[in-house]
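For reference, the structure discussed in these notes is given below.
The values are calculated or read from the model by the stated rules, or taken from the named source; none is laboratory data. Since the model is a prediction, treat every value here as computed from it, not as a measurement. When we count neighbours, we look across all protein chains shown, and the Cβ atoms used for this are built from the backbone with ideal geometry, even at glycine.
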């Protein structure tokens, strides 16, 4: 052995035998942050992976929940409660201990829309922007290319194995994310038959609402709760809530009536009073459509004419109904309007809807057995909202971060693009503007008058329950399906043969 090797060996030996510097001798040992981190370390070390079988699955999809949205909502929640916002924790941060990052790109795009990303989560493949329930073999807007490109979702597998299923959303129930649980279309915008071309109709292609009612899997969803009532009603049917408005269908199919005729244990509701009156123990199937289009933002829900249940209330009712099935269930809960508020450049409503989601998670976890229920919370894609500047600790998250070089104030939260940008004349002066007001639109860099865009960054995945520990590191978004299938051992469940949609 040469002299260099001997010297290195001696050095390594000296390091290995040197006494460790005792933690209790560190000068910062009594610092509050130090002690808090030590306690958190102990909790993480004590955590044991659950490798049992998941009887139930709840997939929370927070549409547009970027990492900055999580951070801002955490601070917003704490400040509303009068506690330190920066160190506050939302329910899903506190209760769902396993965390990963999911890559959201699609087969054809760096920045995704909700349709193929939802498809990835419920079927295990990446697909094409603007399409639902199909593989990369699809041709966008060519409905004849759907045949042979269809996927089978975890919801269809569950129904065909005898489990119960449910889908809850604050968006239209025919919108991209909930539609991915049951529909197969080359164009996500075809939510009712009036949006099909004559060629599509001649080819026998079906709209999304019709596919929901005609869904051949098992005995259909036990729970459907959300918006989108007009897609199930005829053009000559008056909406029960919106004065002067009617349905959208032109094919003569009253889909609500058709759905009711399929079951002898079913209930259809369109307002909160009817929803509250539902006895889950006596109801086998529940269909709730609370708006013609999307449900109200949480900020505006109390002012709704017919009344709407909260996301937490819908989640609780869904679990009460689905948990009657001894074989288990698969449930999707979508906080769909976080995305819409971001598109509007309206951080206030995006954060309020994130808090409504957090409440729904808390309610769900209080009702399920964590040893047998896999709970996953994630997003389909990100948004361009950022947290910037150098605001002091406890500065209002919807407030002013400082002054820019133009001498005008700028907010902590802002968007890369969107309606809040000024095309001409420079930035607006926010000196005497209440930037915490619910209708305030955060300033944006690039003017896009109609809608802010999605962003392409990774999104968080939070999880708890059987095999939740598989969510770690940076994963492909379609891996979410594969973890759920592993946890439920879905491949081993006998599948009934379903007829074509």
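Couple of notes before you dig in:
- For region 454-466, the condition holds for at least one residue, the condition being that it is surrounded by fewer than 21 Cβ atoms within 10 Å (Cβ to Cβ), within 20 Å of residue 344 (Cα to Cα) and in contact with a strand residue (DSSP E or B) (Cβ under 6 Å, 6 or more places away or on another chain).
- Which listed residue is assigned to a helix (DSSP H, G or I), under 13 Å from the mean Cα position of the chain (by Cα) and in contact (Cβ under 8 Å) with a residue 60 or more places away in the chain, from 357, 365, 377, 351: 357
- Within region 225-241, considering residues that are part of a loop (DSSP other than H, G, I, E, B) and touching a residue at least 60 places away in the same chain (Cβ under 8 Å), the one nearest to residue 285 (Cα to Cα): 228
- Single residue of 161, 176 found to be in contact with a strand residue (DSSP E or B) (Cβ under 7 Å, 6 or more places away or on another chain), buried (at least 16 other Cβ atoms within 10 Å of the Cβ) and modelled with pLDDT of 95 or more: 176
- Any hit, region 164-174, residues being more than 28 Å from residue 343 (Cβ to Cβ), touching a residue at least 24 places away in the same chain (Cβ under 8 Å) and not in a helix (DSSP H, G or I): yes
- Whichever residue in region 310-332 is in a loop (DSSP other than H, G, I, E, B) and without any contact (Cβ under 8 Å) to a residue 60 or more places away in the chain and, among such residues, is surrounded by the most Cβ atoms within 10 Å (Cβ to Cβ): 310
- For region 442-456, filtering for residues that are closer than 20 Å to residue 410 by Cα and under 23 Å from the mean Cα position of the chain (by Cα) leaves 2.
- Exactly one residue among 301, 292, 249 is at pLDDT 95 or above, over 26 Å from the mean Cα position of the chain (by Cα), crowded, with 19+ Cβ neighbours inside 10 Å and closer than 30 Å to residue 344 by Cα, and that residue is 249.
- Residue that is nearest to residue 266 (Cα to Cα) [pool: residues in region 200-209 that are in a helix (DSSP H, G or I) and in contact (Cβ under 8 Å) with a residue 12 or more places away in the chain]: 209
- Residue in region 252-264 that is at pLDDT 95 or above, over 28 Å from residue 488 (Cα atoms), assigned to a helix (DSSP H, G or I) and under 18 Å from the mean Cα position of the chain (by Cα) present: no
- Of the residues making up region 187-199, those that are more than 26 Å from residue 353 (Cα to Cα) and within 22 Å of the chain's Cα centre (by Cα) are 187, 190.
- Residue satisfying all of: in region 388-407; over 29 Å from the mean Cα position of the chain (by Cα), part of a loop (DSSP other than H, G, I, E, B) and on the phi < 0 side of the Ramachandran plot; surrounded by the most Cβ atoms within 10 Å (Cβ to Cβ) among these: 391
- Screening the candidates 336, 284 for the property of being in contact with a strand residue (DSSP E or B) (Cβ under 7 Å, 6 or more places away or on another chain) and surrounded by 20 or more Cβ atoms within 10 Å (Cβ to Cβ) yields one hit, 336.
- Residue check for residue 488: in contact (Cβ under 8 Å) with a residue 12 or more places away in the chain and within 30 Å of residue 299 (Cβ to Cβ): no
- Unique match (being out of contact with any strand residue (DSSP E or B) (no Cβ under 9 Å at 6 or more places or on another chain) and farther than 22 Å from residue 128 by Cα) among 214, 265, 254, 239: 214
- Members of region 179-198 that are surrounded by fewer than 23 Cβ atoms within 10 Å (Cβ to Cβ), in contact with a helix residue (DSSP H, G or I) (Cβ under 8 Å, 6 or more places away or on another chain) and either at pLDDT below 95 or not in a loop (DSSP other than H, G, I, E, B) (or both): 193
- Identity of the residue in region 416-439, touching a residue at least 60 places away in the same chain (Cβ under 8 Å) and more than 18 Å from residue 75 (Cα to Cα), that ends up surrounded by the fewest Cβ atoms within 10 Å (Cβ to Cβ): 439
- When restricted to residues that are in a helix (DSSP H, G or I) and under 15 Å from residue 357 (Cβ atoms), region 274-309 contains 3.
- Here the strands (runs of 3 or more DSSP E) wholly within region 408-484 that include at least 2 residues being in contact with a helix residue (DSSP H, G or I) (Cβ under 7 Å, 6 or more places away or on another chain) and at pLDDT 95 or above are 459-464.
- Residue in region 91-103 that is outside any strand (DSSP E or B), crowded, with 19+ Cβ neighbours inside 10 Å and free of Cβ contacts under 8 Å to residues at least 24 places away in the same chain present: no
- Scanning region 339-348 for residues that are surrounded by 24 or more Cβ atoms within 10 Å (Cβ to Cβ), touching a strand residue (DSSP E or B) at 6+ places or on another chain (Cβ under 8 Å) and part of a helix (DSSP H, G or I) turns up 339, 342, 347.
- Filter pass, residue 212 being within 27 Å of the chain's Cα centre (by Cα), assigned to a helix (DSSP H, G or I) and crowded, with 24+ Cβ neighbours inside 10 Å: yes
- Entry remark, region 147-158: residues being surrounded by 24 or more Cβ atoms within 10 Å (Cβ to Cβ) and outside any helix (DSSP H, G or I) number 1 in total.
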